[in-house]
Amino acid sequence: MIDDIQKLIQGLEQEIKDTQNDILREDMLERLQSVAKTYNGKDRIVSSLEILEDIKNKPPEKKILTGIAGLDNILGGFRLGQLVILSGITKNGKTSMAIEFTIRLKEEKPLWFPFEEPATELILKFHERQQEPPLFFTPLNMTDNTLLWIEKKIIEAKVKYNSQIVFIDHLHFLTRPSQNLTQEIGALVREIKKLAIKWKVTIFLLAHLRKTQLDKN
């Protein structure tokens with residue numbers, strides 16, 4: 001029924017665009033309003049109070065706490081479906097912070113995409129210090145850097161290990177040569193956010209800043 005209404009609305013919209021007769025156009029607009037009034041699809045218009053009732057009726061949302069008191073107090077914990085961007089200039093602790101989160105959130109079965117520094121190098125650093133490396137899961141080989149491949153690995157990690165959090169290190173390994181890098185990065189971030197929502201995981205995306213940007217307002 002909903003699909004039929006959508007097709008009818010689309011058909012009327014096209015007729016309105018095509019017709020040159022003002023009387024016919026007015027009649028079609030009235031028909032369009034009548035159809036829209038009964039529309040009940042997933043993207044129907046609702047009130048904020050209706051959304052609030054839906055929130056109240058859902059089970060409590062899972063909060064992922066790091067155990068870092070100050071951070072947890074400010075953020076109230078991370079949530080599934082969230083995209084968190086860890087940004088800063090090169091060699092200023094982004095990966096170290098992500099590893100610290102990995103250690104603290106081992107129960108969430110972290111999934112790592114170590115594009116910049118291979119997993120073997122990360123693990124070797126702990127081994128050389130005679131320390132146990134943090135528990136995380138990662139592709140045996142980083143054979144691709146497309147969002148489709150990343151999504152496949154997220155699905156695999158979820159069904160095999162129930163991974164709830166994902167680390168991508170880092171954003172610029174996912175970009176392609178482009179005349180408008182800013183626009184491409186914006187599109188990538190939006191698609192990664194969609195993955196977090198779609199698969200109900202928390203994604204931590206590491207991103208480099210240029211040093212010159214620190215001097216800008």
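The values are calculated or read from the model by the stated rules, or taken from the named source; none is laboratory data. None of the values given here were measured: they were computed from a predicted structure. Glycine gets a Cβ as well: all are built from the backbone with ideal geometry, and neighbour counts include every protein chain shown. The area values use the complete protein model at the heavy-atom level, side chains included, leaving out ligands, DNA and RNA. Shrake-Rupley method; radii C 1.70, N 1.55, O 1.52, S 1.80 Å.
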Completion exercise
Going through (1) farther than 21 Å from Ala157 by Cβ; (2) not in a helix (DSSP H, G or I) one by one, Glu116 fails only at (1)
Problem - Residues of region 145-174 satisfying the condition of being modelled with pLDDT under 90 and open to solvent by 30 Å² or more (accessible area, probe 1.4 Å) - result: His172, Phe173
Handout entry: Cβ-Cβ under 9 Å pairs, at least 6 apart or on other chains, region 142-154 side in contact (Cβ under 8 Å) with a residue 40 or more places away in the chain, far side of a type in the set (Ser, Thr, Tyr) and open to solvent by less than 40 Å² (accessible area, probe 1.4 Å)
Key = Ile154/Ser163
Fill in the blank from the handout: Within region 121-144, restricting to residues that are among the β-branched types (Val, Ile, Thr) and in contact with a Pro (Cβ under 9 Å, 6 or more places away or on another chain), the one that is least open to solvent (accessible area, probe 1.4 Å) is Thr138
Handout entry: Elements of type helices (runs of 4 or more DSSP H) contained in region 18-86, each with 2 or more residues being modelled with pLDDT under 90
Key = 22-37, 48-57
Practice task
Of the conditions (1) part of a helix (DSSP H, G or I); (2) open to solvent by 50 Å² or more (accessible area, probe 1.4 Å), Thr95 clears all except one; give me its number.
Solution key: (2)
Problem - Of all residues making up region 123-155, the number that are more than 21 Å from Val189 (Cα to Cα) and assigned to a helix (DSSP H, G or I) - result: 6
